[in-house]
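Asker: Pasting in a structure now, in structure tokens, and then I'll have a few things to ask.
No value in this document is a laboratory result; all are computed from the given coordinates. Predicted model, so just to flag it, every value in this text is computed and none were measured. Counting neighbours? That spans all protein chains shown, and the Cβs are built from the backbone with ideal geometry, glycine included.
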């Protein structure tokens, strides 16, 4: 669908849960004070013939105290908006979330927007969104042909670039198989074994502090990290250390 990017939303390559890009309220750093800035789906989606519907998306955010992200819906061609969810605080890793729209089934067209609201005090890195979609009954409307994104076991580190430490989020499918995450320098030499053990199935996080296996700080530059779950390689990503 077509989106109105408002006064500041834009595409970024800083982080994505599934590909190379996501959308953020502040592509060039922190958001501004006193913002009221929306990412709006311009094409209304008709839910008139469906009995169940849900809005799905991936979110990652860093909001200062007093600032919020709001997910809102309109059923009157964007004249008025109702709040579906208010988001505050910090969510460092990508989180997949969904909101029921079933109360709006039987309506004509619905419109969705993601709105940043900030006060006059401290600002922060803001809101990142990806894989936004609306699922109806057992299919997906308008925004994306996929009901669910492909399973991504290894997420992009955050923050990236980083100066002191960074968080790597990953998912484990089976507690029976070993999980191995290794870090390599730009020349392909292994410098760090970050994770090497059996973990419970589910979501996990590991922190890299920019040191090698001997505990020595490594230099600034491009690094790669790879995940192996059992005998399968399940992810390979790039990160940048800038001291």
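Asker: Could you check the spin-label model distance between residue 109 and residue 14? Points 7 Å from the Cα along Cα→Cβ, value in nm.
Answerer: It works out to 3.3 nm between the two label points.
Asker: Mind listing P(r) for the stretch 166-241? All alpha-carbon pairs, 5 Å bins, whole percents.
Answerer: Calculated over all Cα pairs of the stretch 166-241, the distribution is 3, 15, 29, 24, 15, 10, 3, 0 percent.
Asker: Something else: List 60, 113 from most exposed to least, where exposure is judged by having the fewest other Cβ atoms within 10 Å. Don't skip to the end; give the middle numbers.
Answerer: Details: 60 26, 113 20.
Least crowded to most crowded, the residues run 113, 60.
Asker: Could I ask something else about it? Stretched out fully, how many nm does the piece from residue 163 to residue 100 gain, at 0.36 nm a residue minus the Cα gap?
Answerer: Details: separation 63, 0.36 × 63 = 22.68 nm, distance 3.92 nm.
Between residue 163 and residue 100, full extension yields 18.8 nm more.
Asker: Taking a cut-off of 15 Å, what percent of all Cα-Cα pairs in the stretch 47-138 are separated by more than that? Can you show the working numbers first?
Answerer: Numbers: 2588 of 4186 pairs.
Here the long-distance tail beyond 15 Å is 62 percent of all Cα pairs in the stretch 47-138.
Asker: Separate question: Can you tell me, using C-alpha contacts under 8 Å and at least 6 residues apart, the relative contact order of the chain as a whole percent? Working shown, then result.
Answerer: Working: 620 pairs, mean separation 45.3, N = 243.
Relative contact order comes out at 19 percent.
Asker: Then there's this: How far apart, in nanometres, would the label points at residue 54 and residue 242 be if each is projected 7 angstrom from Cα along the Cα-to-Cβ direction?
Answerer: 3.8 nm
Asker: Work out, step by step, the length gained on full extension between residue 4 and residue 186: first 0.36 nm times the residue separation, then minus their alpha carbon distance; give nm to one decimal. Walk me through the intermediate numbers first.
Answerer: Numbers: separation 182, 0.36 × 182 = 65.52 nm, distance 3.87 nm.
Roughly 61.7 nm would be gained on extension.
Asker: In addition: For the residues 49, 193, 12, what sequence is obtained by ranking on other C-beta atoms within 10 Å, fewest first? Each step should come with its number before you reach the end.
Answerer: On the way: 49 9, 193 12, 12 17.
Fewest-to-most ranking of 49, 193, 12: 49, 193, 12.
Asker: Can I ask one more? Quick one: P(r) of the chain from all Cα-Cα pairs, 5 Å bins, percents rounded to integers, in order of increasing distance.
Answerer: Reading upward from the zero bin: 1, 6, 13, 16, 16, 15, 13, 9, 7, 4, 2, 1, 0.
Asker: Distance between the C-alpha centers of the stretch 216-238 and the stretch 39-75? Whole Å please.
Answerer: 34 Å
Asker: How much FRET efficiency would the formula 1/(1 + (r/R0)^6) give for residue 226 and residue 79, where r is the Cβ-Cβ distance and R0 is 35 Å, rounded to 0.05?
Answerer: 0.10
Asker: Okay, moving on. Using a Gaussian network for the chain with springs between C-alpha atoms less than 10 Å apart, which of these wobbles most: 92, 184, 31?
Answerer: Per the Cα network of the chain with a 10 Å cutoff, 184 tops the list.
Asker: Give me 242, 227 sorted ascending by neighbouring Cβ count inside 10 Å, so fewest comes first. Walk me through the intermediate numbers first.
Answerer: Values: 242 9, 227 24.
Ranked by crowding around the Cβ, least crowded first: 242, 227.
Asker: Among 136, 172, 218, whose mean-square fluctuation peaks in a Gaussian network model of the chain (Cα, cutoff 10 Å)?
Answerer: Evaluated over the chain, the most mobile residue of the options is 218.
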